[in-house]
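Heads up: the structure comes next, in structure tokens.
The values are calculated or read from the model by the stated rules, or taken from the named source; none is laboratory data. Everything quoted here is computed from the prediction, not taken from an experiment. In this analysis, Cβ positions are derived from the backbone assuming ideal geometry, glycine residues included, and neighbour counts consider all displayed protein chains. Accessible surface is based on the protein model in full, side chains and every heavy atom, while ligands, DNA and RNA are left aside. Shrake-Rupley method; radii C 1.70, N 1.55, O 1.52, S 1.80 Å.
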Amino acid sequence: MNNAKKELLKYIPKDSIKFKPEILNKFSQDRAIIEPYGKPIALVMPKSKEEIFPIIKIANKFKVPIVTRGAGTGLTGAANAINGCILLSLHRLNKILSIDISNRMIFVQPGVINSVIKKAVEKKRLFYPPDPASYDISSIGGNVATNAGGLCCVKYGVTRDYVVGLEVILGSGEIINTGRKTIKNTTGLDFTGLFIGSEGTLGIITEISLKLLPIPPNPATAIAYFDNLPSSGEAILEIFNKGFNPSLMEIIDQLSLLQVEKVYKMSLDTNASCVILMQTNGNNAFNDIKKMLDICKKYGAFNTKHVNSLIDGEKLFEIRRKVWPAFEKLGKSMLPEDVAVPRQHLAKLLKGIIDIGKKFNIEIPTMGHAGDGNLHPLFVFDKNNIQEVEKVRKAFVEIIKLSLKLGGTIAGEHGIGTLKKDFIKYELDDIYLRKMRQIKKVFDPNNILNPGKKF
Ligand SMILES: Cc1cc2nc3c(=O)[nH]c(=O)nc-3n(C[C@H](O)[C@H](O)[C@H](O)COP(=O)(O)OP(=O)(O)OC[C@H]3O[C@@H](n4cnc5c(N)ncnc54)[C@H](O)[C@@H]3O)c2cc1C
């Protein structure tokens, strides 16, 4: 048994540590199924932050990497095990610590599942907006560490917009608190922002304070089918140019519609090139949705419908929520891309993805957060077929390059992990990358935290 393992056994309670290869294997990979993963020396599942300090000490002493893990739903390999690492799964740190109704805040441990937070605050008539499609399975610690987005970001913003403070154990073994329990705070440099989206490379987040909003009023919801992609892009742009503020705006392409219809028989119009689903809330919700549909019709939407009840709206959005499960039914491997462009280039991005599919002779169904210019082309393939994986990787890179050409980003909301690490240099210049490495050294001097991920 190696020395680091021996020390772990000395300092970590028995029920918090596992060595069995079959258990370790279960925790060694996230959902980026084509990304490599290594063999950890141990899995530690602390019940309290106090159990984390000795792990950091041991990791520094023996220069062993620590890979922190939330729920393992990431899509970039960011939580994948590194050879010889300690896997640190925070799923047992899953308590809601308190809800402060007066200041509209909630204080939680990192292992709490996103939807558990949503439900807990709803009971107090409060609202935690960020809603990654994985909200039933992903942890809030993972959401913060990836700066997760979701469906309602178009109006309400991403995870970053709701984090008011963090407790973080650094790679150096020190613990810091960023932010305060007040609504405003201008003391000190903004370290909170640095840890959001840092993918476990700067510190281990052990407590999170989140801002809450009052529950929004009931929404109005609409659907518009288009027979060509550029027109849908024009309609979306005009909706924003005219000052409308949708609370949801999603796009689903024909390939996705076909698969959803095949599996769930929802009477969808599968002749359409794409469909836009949109929602508004607030005092003018019902008038606004009608006006937004008028814009869609002006750009050729041939089949439109709007509904005013929450339940009917949910039914329409079921189409979007069923895309992933519909493709899962094929029993193949799935990997979504995640690129974002300025809204005016959305249609070009959609068209370009179709062309890339043709070039590599693969179908790339695409859906995404149209209102954010953020698309998820979905690769459905056989991960054991080397040629297929090779094609997917090549098409993946072409989509990244297309996004950059259109003034976009290589990672809208899923992060970088290992999947996109090689491409970060196309988006960030040498100075930026150097400063990031310098900052990492400040918080994690021995480079023990998720080394080789993100940058
Ligand atoms: C079906 C499906 C739908 C999805 N939809 C969306 C979506 O709509 N929007 C979106 O943004 N993402 C989406 N995702 C991706 C994924 O759910 C998010 O990235 C999520 O935030 C990851 O959370 P997790 O708890 O699973 O983190 P993990 O995958 O366990 O970890 C992700 C990263 O965070 C780090 N980390 C985790 N916890 C901590 C901590 N406490 N301290 C420090 N670092 C930590 C890990 O080291 C790793 O780098 C989806 C995934 C799936 C499978």
- Among (1) touching a strand residue (DSSP E or B) at 6+ places or on another chain (Cβ under 9 Å); (2) hydroxyl-bearing (Ser, Thr, Tyr); (3) near the ligand (Cβ under 6 Å from one of its atoms), where does Ser134 come up short? (1)
- Query: Restricting the search to the range 422-443, which residues are within 22 Å of Glu35 (Cβ to Cβ) and either in contact with a Ser or Thr (Cβ under 8 Å, 6 or more places away or on another chain) or in contact (Cβ under 8 Å) with a residue 60 or more places away in the chain (or both)?
  - Reply: Glu427, Lys440
- Task: Of the conditions (1) surrounded by fewer than 18 Cβ atoms within 10 Å (Cβ to Cβ); (2) more than 30 Å from Pro246 (Cα to Cα), Asp355 clears all except one; give me its number.
- Result: (2)
- From (1) modelled with pLDDT of 95 or more; (2) assigned to a loop (DSSP other than H, G, I, E, B), pick out the condition that doesn't hold for Met249. (2)
- Task: Under 6 Å between Cβ atoms, at least 6 apart or on separate chains: pull out the pairs that start in the range 350-371 with a residue that is without any contact (Cβ under 8 Å) to a residue 40 or more places away in the chain and end on any residue that is buried (at least 20 other Cβ atoms within 10 Å of the Cβ).
- Result: Gly357/Ile364; Phe360/Ala395
- Residues (surrounded by 14 or more Cβ atoms within 10 Å (Cβ to Cβ) and over 20 Å from Lys454 (Cα atoms)) located in the range 27-47: Ile41, Ala42, Leu43, Val44, Met45, Pro46
- Any idea which of (1) under 12 Å from Ile204 (Cβ atoms); (2) away from the ligand (no atom under 14 Å from the Cβ) is the one Leu97 doesn't satisfy? (1)
- Tally, over the range 50-75, of residues that are part of a loop (DSSP other than H, G, I, E, B) and within 15 Å of the ligand (Cβ to nearest atom): 7
- With the checklist (1) buried (at least 24 other Cβ atoms within 10 Å of the Cβ); (2) out of contact with any Asp or Glu (no Cβ under 6 Å at 6 or more places or on another chain) in hand, flag the one item Ala79 doesn't pass. (2)
- Given (1) of a type in the set (S, T, N, Q); (2) within 25 Å of Thr159 (Cα to Cα); (3) open to solvent by 40 Å² or more (accessible area, probe 1.4 Å), where does Asn361 come up short, assuming only one miss? (2)
- Quick check: is even one residue across the range 333-352 within 16 Å of the ligand (Cβ to nearest atom), of a type in the set (A, V, I, L, M), farther than 17 Å from Lys394 by Cα and surrounded by 17 or more Cβ atoms within 10 Å (Cβ to Cβ)? yes
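Considering the range 212-228 alone, what residues qualify as being more than 30 Å from Thr68 (Cα to Cα) and either assigned to a loop (DSSP other than H, G, I, E, B) or within 21 Å of the chain's Cα centre (by Cα) (or both)? Break it down stepwise before answering.
Filtering the range 212-228 for residues more than 30 Å from Thr68 (Cα to Cα) gives 214-228.
Scanning the range 212-228 gives Ile215, Pro216, Pro217, Asn218, Pro219, Asp227, Asn228.
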- Please list, ordered by first then second residue, the pairs with beta carbon atoms under 7 Å, 6 or more apart or interchain, first in the range 101-115 and closer than 17 Å to Lys211 by Cβ and in a strand (DSSP E or B), second away from the ligand (no atom under 11 Å from the Cβ) and of a type in the set (Gly, Ala, Ser). Met105/Ser209; Phe107/Ser98; Phe107/Ser209
- Scan Leu406, Leu419 and give me the residue that is in contact (Cβ under 8 Å) with a residue 40 or more places away in the chain, within 16 Å of the ligand (Cβ to nearest atom) and of a type outside the set (D, E, K, R). Leu419
- Which listed residue, of Ser231, Ser267, is open to solvent by 20 Å² or more (accessible area, probe 1.4 Å), hydroxyl-bearing (Ser, Thr, Tyr) and part of a loop (DSSP other than H, G, I, E, B): Ser267
- Scope the range 85-108; condition closer than 27 Å to Asp30 by Cα and open to solvent by less than 30 Å² (accessible area, probe 1.4 Å); matching residues: Cys85, Ile86, Leu87, Leu88, Ser89, Leu90, Leu93, Phe107, Val108
- Task: All but one of (1) open to solvent by less than 40 Å² (accessible area, probe 1.4 Å); (2) within 16 Å of the ligand (Cβ to nearest atom) hold for Leu433, so report the exception by its number.
- Result: (2)
- Taking the residues in the range 76-94 that are part of a loop (DSSP other than H, G, I, E, B) and touching a Leu at 6+ places or on another chain (Cβ under 6 Å) as candidates, determine which candidate is farthest from the ligand (Cβ to nearest atom). Ala81
- Task: State which residue pairs qualify: first residue touching a residue at least 24 places away in the same chain (Cβ under 8 Å) and farther than 24 Å from Asn281 by Cα and inside the range 308-337, second residue open to solvent by 60 Å² or more (accessible area, probe 1.4 Å) and hydrophobic (A, V, I, L, M, F, W, C) in any location, beta carbons under 8 Å apart, and separation of 6 or more residues or different chains.
- Result: Trp324/Ala133; Met334/Trp324
- Message: surrounded by 15 or more Cβ atoms within 10 Å (Cβ to Cβ), within 20 Å of the chain's Cα centre (by Cα) and under 14 Å from Ile276 (Cα atoms): is that true of His376 in this structure?
- Response: no
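Go through the range 118-131 and give me each residue that's more than 10 Å from the ligand (Cβ to nearest atom) and outside any helix (DSSP H, G or I). Break it down into steps so the answer makes sense when it comes.
Of all residues in the range 118-131, those more than 10 Å from the ligand (Cβ to nearest atom) come to 118-129.
Once the filter is applied, which keeps residues that are more than 10 Å from the ligand (Cβ to nearest atom) and outside any helix (DSSP H, G or I), the range 118-131 yields Lys123, Lys124, Arg125, Leu126, Phe127, Tyr128, Pro129.
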